[in-house]
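Working notes, beginning with the structure itself.
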Amino acid sequence: QVQLVESGGGLAQAGGSLRLSCAASGRTLSSYATGWFRQAPGKERELVAAISVGGTTYYTDSMKGRFTISRDNAKNTVYLQMNGLKAEDSAIYYCALDRRWPPNHLRANYWGQGTQVTVSS
């Protein structure tokens, strides 16, 4: 019943912006911690940003000041606004739900299929 669908990925130039969306069905996002993770070829999956049930946000240090996570409860959708993109941001980005804070990629309950982000330099 649970489905998470990421969208908004694509090709961007270095310094450009993208907004990723994670639309949920079957569960209410505001009842979970929602995380954005990414995985680049040959690298470990890492947490990028997260938002808690209460709206607390978390960002990995390299994302602070560039990325913003938000949630629209009416649309049951979580967004990741990415500004100042760098080539090293290229990866597949996934959203996931976790009942604990902060989200952990080994513990997360539900995952989307991912959306590819490619940043050219």
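The values are calculated or read from the model by the stated rules, or taken from the named source; none is laboratory data. No experiment lies behind these values; they were computed from the predicted model shown. Neighbour counts are summed over all protein chains in view; Cβ atoms, including those assigned to glycine, are modelled from backbone coordinates with ideal geometry. With ligands, DNA and RNA removed, areas are computed over all heavy atoms of the protein, side chains included. Shrake-Rupley method; radii C 1.70, N 1.55, O 1.52, S 1.80 Å.
Among the listed residues ALA49, ALA40, identify the single one that is touching a residue at least 24 places away in the same chain (Cβ under 8 Å), within 20 Å of SER120 (Cβ to Cβ) and not β-branched (Val, Ile, Thr).
Unique residue meeting the criteria: ALA40.
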Return yes or no: is PRO103 open to solvent by 70 Å² or more (accessible area, probe 1.4 Å) and not hydrophobic (A, V, I, L, M, F, W, C)?
no
Counted residues in the range 1-15 being assigned to a loop (DSSP other than H, G, I, E, B) and surrounded by fewer than 17 Cβ atoms within 10 Å (Cβ to Cβ) come to 5
From the residues in the range 16-45 that are of a type in the set (D, E, K, R) and closer than 18 Å to GLY84 by Cβ, which one is surrounded by the fewest Cβ atoms within 10 Å (Cβ to Cβ)?
ARG19
Kindly establish whether TRP111 is at pLDDT 95 or above, touching a Cys at 6+ places or on another chain (Cβ under 7 Å) and of a type in the set (Phe, Trp, Tyr).
no
Under the condition of being modelled with pLDDT of 95 or more and either polar (S, T, N, Q) or within 17 Å of GLN116 (Cβ to Cβ) (or both), which residue from the range 46-66 is surrounded by the most Cβ atoms within 10 Å (Cβ to Cβ)?
VAL48
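Of the residues that make up the range 75-90, is at least one at pLDDT 95 or above, out of contact with any helix residue (DSSP H, G or I) (no Cβ under 6 Å at 6 or more places or on another chain), more than 19 Å from SER17 (Cβ to Cβ) and of a type outside the set (Asp, Glu)?
yes
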What are the residue pairs meeting all of these: first residue in the range 1-19, first residue among the polar types (S, T, N, Q), second residue outside any strand (DSSP E or B), Cβ atoms under 7 Å, and 6 or more apart or on different chains?
GLN1/GLY26; GLN3/GLY26; SER17/ASN83; SER17/LEU85
In this structure, is ALA74 in contact with a strand residue (DSSP E or B) (Cβ under 6 Å, 6 or more places away or on another chain) and either among the aliphatic types (A, V, I, L, M) or closer than 17 Å to LEU106 by Cα (or both)?
no
If a residue has to be in contact with a Leu (Cβ under 6 Å, 6 or more places away or on another chain), under 30 Å from SER121 (Cβ atoms) and not in a strand (DSSP E or B) to count, how many in the range 16-37 make the cut?
1
